[in-house]
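Structure first, then comments.
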Amino acid sequence: MADEKALEFKILGKCSRSKARVSVISLPHYDVDAPVFMPVGTQGTLKGMTSYQLEKLDCHIILGNTYHLGMRPGTDVLEKVGGLHNFMNWKRAMLTDSGGFQMVSLLKLSEVSEEGVKFQSPHDGSEMLLSPEKSMEIQNTIGADIMMQLDDVISSLTTGSRVEEAMYRSIRWLDRCIKAHKRPAEQNLFPIIQGGLDPKLREICCQEMVKRDCPGYAIGGLSGGEEKEQFWKMVSLCTDYLPENKPRYCMGIGYTTDLIVCVALGADMFDCVYPTRTARFGTALTATGQLSLRQQKFASDFTPIESDCLCSTCRKHSRAYVHSLFSREAVGCHLITVHNIYYQMRLMKEMRDSIMNDKFPDFVKKRFNLLYPDKN
Ligand code: GUN
Ligand code: ZN
């Protein structure tokens with residue numbers, strides 16, 4: 001990769017009893033405090049939230065999707081406006097996924113070959129190919145601070161030779177992405193470690209990708225229905241092989257328990273549609289678990305969603321009010337989305353603070369006691 005740097009990584013503090021660390025990831029658009037959760041916006045906007053509102057919630061970095069953005073507004077519009085930051089008036093950092101994962105998970109009709117991922121356009125049914133080169137071209141046009149390589153994604157439950165094939169293909173596609181990347185001084189390209197639940201394949205993938213000396217690394221192909229034990233084992237193995245002095249991004253992780261465990265295992269960045277998607281189904285996140293606000297029992301509950309939460313929803317409105325709005329008004333959904341994003345941001349900040357004060361083990365105990373009171 002080129003000499004110019006679009007990323008600097010500084011570790012500010014470490015936990016003495018786990019692999020958890022606090023860092024600042026300095027990107028072209030923003031200095032991101034990590035461990036960090038990145039809310040997901042699929043169509044260039046986070047559903048029900050404006051860029052201004054996200055900034056007010058103290059989001060440092062958001063995630064956009066290449067597959068969706070390549071379609072709408074389309075690369076020609078993004079090219080004209082000078083990238084997605086300008087288009088959505090988002091001034092802080094942004095990361096784009098490469099598109100392959102979304103296609104495999106959203107479209108039954110996708111087909112993977114050495115060339116790339118072939119799929120039928122959901123708009124006009126025409127056949128399209130997302131190759132490593134095409135993904136980089138779209139992501140270079142979007143202009144995010146961090147771009148993900150196109151990877152060969154399989155379900156974490158897949159077994160047999162397909163797991164090995166997908167891992168080695170992801171390494172070959174990484175090399176094609178590195179070659180096709182046109183703006184290494186302005187944008188960072190992250191590889192994605194694959195290898196399913198096989199420790200040996202994960203090890204080989206880590207070693208090969210670390211050789212490419214990229215600015216940061218992602219751990220992919222997890223949280224797809226496998227046992228938690230296995231998922232955490234793979235994360236731990238990867239963080240042991242990945243360099244200490246570069247950010248590590250655990251893809252598709254958003255549950256409170258998983259975030260806490262993966263931070264303890266040395267991961268720095270996370271994303272998931274969960275907090276925003278679950279809000280749209282009427283579910284609020286709290287330190288003691290989920291609250292399904294559609295339930296009738298909340299119709300006359302005039303307390304806030306979470307009594308110690310300082311988000312604008314909890315400061316101004318009751319559970320009963322959100323309950324009454326939910327089925328009738330889009331704003332009900334918005335109020336829960338605000339709370340859920342605030343909840344995730346606060347969870348990450350509390351982890352950073354506890355690591356800095358070397359109180360992370362106490363923090364973990366306290367949160368797990370709240371989440372799993374019966375397990376004491
Ligand atoms: N999002 C969640 N997991 C993955 C993965 O393995 N690859 C990609 N590209 N995106 C993801
Ligand atoms: Zn709140």
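Any chance segment 245-263 includes a residue that's without any contact (Cβ under 8 Å) to a residue 60 or more places away in the chain, within 16 Å of ligand 2 (Cβ to nearest atom) and surrounded by fewer than 22 Cβ atoms within 10 Å (Cβ to Cβ)? No, segment 245-263 has no match at all. Could you go through segment 246-257 and let me know if any residue there is within 13 Å of ligand 1 (Cβ to nearest atom) and over 20 Å from ILE61 (Cα atoms). No, that holds for no residue.
Restricting segment 269-299 to residues that are more than 16 Å from ligand 1 (Cβ to nearest atom) and part of a loop (DSSP other than H, G, I, E, B) leaves a set whose member that is farthest from PRO215 (Cα to Cα) is ALA299.
All of ARG315, ARG328, ARG319, ARG294 fail the test of being buried (at least 19 other Cβ atoms within 10 Å of the Cβ), free of Cβ contacts under 8 Å to residues at least 60 places away in the same chain, basic (Lys, Arg) and over 28 Å from GLU8 (Cβ atoms), apart from ARG319. Residues in segment 173-181: is at least one assigned to a loop (DSSP other than H, G, I, E, B), more than 21 Å from the chain's Cα centre (by Cα) and more than 16 Å from ligand 2 (Cβ to nearest atom)? Yes, segment 173-181 contains at least one residue that is assigned to a loop (DSSP other than H, G, I, E, B), more than 21 Å from the chain's Cα centre (by Cα) and more than 16 Å from ligand 2 (Cβ to nearest atom). Within segment 149-176, residues that are within 16 Å of ALA218 (Cα to Cα) have Cβ atoms under 7 Å from residues that are of a type in the set (Lys, Arg) and surrounded by fewer than 23 Cβ atoms within 10 Å (Cβ to Cβ) in these pairs: ASP152/ARG169; ILE154/ARG162; LEU174/ARG212, counting only partners at least 6 apart in sequence or on another chain.
Residue-by-condition table, conditions (1) farther than 21 Å from GLY224 by Cβ; (2) surrounded by 22 or more Cβ atoms within 10 Å (Cβ to Cβ); (3) over 19 Å from the mean Cα position of the chain (by Cα); (4) modelled with pLDDT under 95:
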position	(1), (2), (3), (4)
PRO132	yes, yes, yes, no
ASP145	yes, yes, no, no
THR158	no, no, yes, yes
GLU165	no, no, yes, no
ARG169	no, no, yes, no
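Taking the condition modelled with pLDDT of 95 or more, within 16 Å of ligand 2 (Cβ to nearest atom) and loosely packed, with under 12 Cβ neighbours inside 10 Å, does ASP301 pass? For ASP301, the condition - modelled with pLDDT of 95 or more, within 16 Å of ligand 2 (Cβ to nearest atom) and loosely packed, with under 12 Cβ neighbours inside 10 Å - is not met.
The residue that is farthest from ligand 1 (Cβ to nearest atom), among those in segment 320-350 that are polar (S, T, N, Q) and farther than 25 Å from PRO361 by Cβ, is SER324. The set of residues in segment 18-76 that are over 20 Å from THR278 (Cα atoms), in contact with a His (Cβ under 9 Å, 6 or more places away or on another chain) and at pLDDT below 85 comprises MET71, ARG72.
The values are calculated or read from the model by the stated rules, or taken from the named source; none is laboratory data. Values in this document were obtained by computation on a predicted structure and should not be read as measured data. Because the Cβ atoms are built from the backbone with ideal geometry, glycine has one as well, and the counts that use them run over all protein chains shown.
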